[in-house]
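Reading through the structure tokens given below for one structure.
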Amino acid sequence: MSAGLHQASNGDRAPARALGAPRPWMRGLLPLAVVALLWELVPQSGLVDAALLPPLSRTLAAGVSLVRSGALLGHLWASVWRVGAGYLVAVLVAVPAGIGLGLSRRLEGYVSPVLALLRPISPPAWVPLAILWFGIGDAPAIFIVFVGTVQAILVGIASAARSVDRRLVQAALTLGASRRQAVRLVVLPCLGPAIFGQLRVGLALAWMCVMAAEMVAVRRGLGYLLIEARNLFQTERVLLCMAIIGALGLGLDRLLRTLEGMVLRWQRGMGADELFAAGRGEQDLSR
Amino acid sequence: MSYLRLVEVSKTYHADGRAVEALAGVSLEVRQGEFVALVGPSGCGKTTLLHLVAGLEAPSSGQILLAGEPIRGCGRERVLVFQEPTLFPWLTAMDNVAFGLQTAGVPLQERRACAFALLESLGLAGFATSYPHQLSGGMRQRVAIARALAISPQVLLLDEPFASVDALTREALQEELLRLWAARRPTILFVTHSREEALRLADRVIVLSHRPGRVRAELVLPMARPRSAMELAPFLERLRRLLAQGCPTQGRGVAIA
């Protein structure tokens, strides 16, 4: 009986999807729409004081006026530039250093105590020193972003490099690869997934760091806008800044994932998630 | 005259403060173009021997000479094929085969043409652009062998290359290996667990003793290939007895298929 059901619904699959089931790219929109709706309705209904949680419409209106005045873009650009610069330098340092650290026990022996010593010092704890060193402006913020992300990326890549399948490296060596070729042609591609994972973690961290820096060390940027809005009790602007930071992070993460999908095309059809997706497909059929 | 010479080669591993002797004074002479099979109980150091000849590890004592010269590290004239295919999962079958040419600096188009020709000769032309995870176990091992042959090695080291495929595929792969060997005549050291496989393929079968590995005996097989089961029967019996003696702890039920 169940086989018959399967058969029948199998043919119905495409139309059923067109009618009801969400397409993959729509899945992420639904919860966002729910959040937006609650954000609008809960303060409107008076359940929460609108001064503490302004509805979405008022927050957006604040955004529109900020854009019109030309201020928002300047702040936004300042933050993006600091994140971009600090993050880029961190990536350029951390990826090769992480690979070196993961592959060389000697290097790791020298460096790991220093890393362990620096690790508990959180990015905001670097802010006073950064101001003393670089004064007020872009430089301390970029420094904080660098310091806050470089370590995380480095440690993640080093541990991934340590667990690269040694037999693949042996295979390369026996096929005539030099040690450098083995690193470039085998270790690096092996690390592809780990590198992208670390890049995404690092990017999120970079945004956290730039906020910490901008709340004290500068007169421009989203973090500065946020603190200023709080001082003036402009809750709309506070929420607006937070929403922008979130949206930017989401967009950049998507960008990295798209890039990952392009670079790591060979992984298609290998992941465990595909197995579970196949399992879900079965359920869809019987629906 | 011998081409590949092992002179009193020993290898001792140190792990957790204990010394494990894998090979103890192995001496071996192999002629150029000869097909030599190595058999012996599990853990007799067969794989270690291949790693030493490949140059992935250095012997603790003794010498390995190739054409009179001591080997130093890995070299393009010696290639090892592992028990598992160990293909690079991010490369297509064709680019896997072309890998050794890439490390030699052969231009892309040229090395791909060469790799494709090799795949074609192994009946894998239709899978040149497939990734390893899209291939069956037997196909993967074919690709791994093609990858080793692509750089035209003088010495081909095979570490139980057919251990993980089914019996039918195994026979097909054995035939293909013999065909390739006849055409290109590399010197082959072939490690196997299977007595039948060793006898069917090799010019000479070297029997290693239980750990630490020593050369215990050798069988010379002068017959032409393909060899019939009847021809091989007396050799099989001798080999079975040799292996049974070689394993003191397990007696007759040696860990040999």
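Read the figures in this text as sums done on the coordinates, not as results from a lab. Keep in mind that this is a model prediction, so the values were computed, not measured. FYI the Cβ positions are ideal-geometry reconstructions off the backbone, even for glycines, and counts take in every protein chain you see.
Points worth noting:
- Global geometry of chain A, whether rounded, prolate or oblate, following the gyration tensor of its Cα atoms and the 1.5 cut on a/c: oblate
- Over region A:60-196: Kirkwood hydrodynamic radius from C-alpha pairwise inverse distances, Å: 17.5
- Surrounding net charge for A:ARG82, when Lys and Arg each add one and Asp and Glu each subtract one, Cβ distance under 9 Å: -2
- Projected label points at B:ASP166 and B:SER42, each 7 Å from Cα along the beta carbon direction, are separated by 2.4 nanometres.
- For B:VAL20, nonlocal amide neighbours, meaning residues 5 or more places apart or on other chains whose placed amide H falls under 5 Å from its own, are B:TYR13, B:HIS14, B:ALA15.
- With each label modelled as a point 7 angstrom along the Cα→C-beta vector, the A:SER163-B:SER130 pair spans 3.0 nm.
- Relative frequency of Cα-Cα separations exceeding 45 Å in the protein assembly as shown, percent: 39
- Ratio of the Cα radius of gyration of chain B to 2.2 N^0.38 Å, where N counts its residues: 1.01
- Region A:40-64 and region B:190-207 have Cα centres spaced 81 Å apart.
- Rounded to the nearest 0.05, the FRET efficiency derived from the C-beta distance between B:LEU178 and B:ARG238 at R0 = 35 Å is 0.95.
- Under the Karplus curve 6.51 cos²θ - 1.76 cosθ + 1.60, θ = phi - 60°, whole-Hz ³J(HN,Hα) for region A:252-266, x wherever Gly or Pro sits: 5, 5, 4, 4, 5, 5, 5, 4, 4, x, 6, 6, 9, 4, 4
- Under a Gaussian network description of chain B, with springs only between Cα atoms under 10 Å, the residue in B:ALA93, B:ALA217, B:ALA148 that fluctuates furthest is B:ALA217.
- Computed from backbone phi with θ = phi - 60° and the Karplus coefficients 6.51, -1.76 and 1.60, the 3J(HN,Hα) list for region A:105-122 is 5, 5, 4, 4, x, 6, 8, 4, x, 5, 4, 5, 5, 7, 4, x, 7, 6 Hz; x is used for glycine and proline.
- Summarising the amide proton neighbourhood of B:VAL81: residues at separation of 5 or more, or on other chains, whose placed amide H is nearer than 5 Å comprise B:LEU157, B:LEU158, B:ASP159.
- Integer Hz, Karplus 6.51/-1.76/1.60 couplings in order for region A:162-176, x for Gly and Pro: 5, 9, 4, 4, 5, 5, 5, 5, 4, 4, 5, 4, 6, 8, x
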